[in-house]
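Everything on this sheet refers to the single structure shown next.
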Amino acid sequence: MHHRLHTFVLVPVLVALSNLLFSSEIPESAIRESSRLLHENGETKRVYLEEPVDLDGVRFEGWTWFDSTGTLRHSELAEDLPFGDIVLPEGSTVFYEDGDIVKAWLAHDMDIDGLPIDGGGKIDTGFHPNKQLRLCFLRESWEIQGVVVKGGALTAVHFDEQGHLSHCTLAEDYTYDNSLWRAGTEVWLNPDGSVKQSYRPGWFARMGRGLLDVVF
C-alpha cells in the first residue's frame, strides 16, 4: 500500500545557523569531568555536556564533537528548535559544516512537506546548502512526483537542490515516455521525471533487501 504526495517542489525545511560555533564558548562547569578528548593540535575534539549550553541561541547537551579548528561538528539538541516550516525535536543530533546544518538524526519520526520521514535513531535526514531536503528514509512506500518510491531504513530517497526527486528505488513499476522500469529498480531521475540511469539488482539481492527492510 502506498500514499500519494501531490506537491511537486519540496519547500525549504531548514534555516541553518549563519555563525560558526566554537568549543571555546562552552563553560567548563557544563563539561563532564574526564569526558574531554583532544585533537593532535590540542583543540577540543569531544566533550559531554552535563547541562544545556547555549551556542548562538541554540541549546545543546550530551556528547558534542568539534573539528581540529574547534568548530562544532555535531551535538544533541537540548530543546525543540524551530526551522522554517518544521521544528527539529529535542533530542535530535544535528551536524554542521561551515556553520550550517547539513543533516540531522531526528529524535523521532516526522512528516516533512508531506513525506513520512523515518527517525528515532542514527538515520540520516540531509539538506542541500540552499536548505532543500537532500535525502531521507521513508517509513513506507510513497508516491512522489508520479513515482512510487520504496520506503524502509535501507533505501534512501534523494532530491536535487530544486526539490525534484533525483534518486530512489521503485516500489512499483514506473513508466515514462513509453519506457518501463520494474519495481525494485534503482533509478536516477532528471528533473522532468525521465530516467538517466538505472540499476536492477538480481532476484536474490532484491529478496534480501526486502527481508532486511522488514527486520529494520
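Let me check I've understood the local charge: for PRO116, count other residues with C-beta under 9 angstrom from its C-beta, Lys and Arg +1, Asp and Glu -1. What total comes out? The partial results should precede the final answer.
On the way: positive: ARG139; negative: ASP109, ASP111, ASP118, GLU140.
Overall, the nearby charge balance is -3.
Gap in Å between the Cα centre of segment 54-80 and the Cα centre of segment 130-197? Computed from Cα coordinates, the inter-centre distance equals 33 Å. At a probe radius of 1.4 angstrom, the accessible area of segment 104-173 per residue rounds to 35 square angstrom.
Remark: the Cα gyration tensor places segment 54-134 in the prolate category, a/c being 1.5 or greater and a/b exceeding b/c. Only Cα sites of segment 65-216 enter the Debye sum here, all with the same form factor; the resulting log10 I(q)/I(0) across q = 0.18 1/Å is -1.08, listed in q order.
The values are calculated or read from the model by the stated rules, or taken from the named source; none is laboratory data. All values derive from a computational prediction rather than experimental measurement. Cβ sites come from the backbone with ideal geometry, for glycine too, and all protein chains shown count toward neighbours. Protein only, heavy atoms only, side chains kept; ligands, DNA and RNA dropped before computing areas. Shrake-Rupley method; radii C 1.70, N 1.55, O 1.52, S 1.80 Å.
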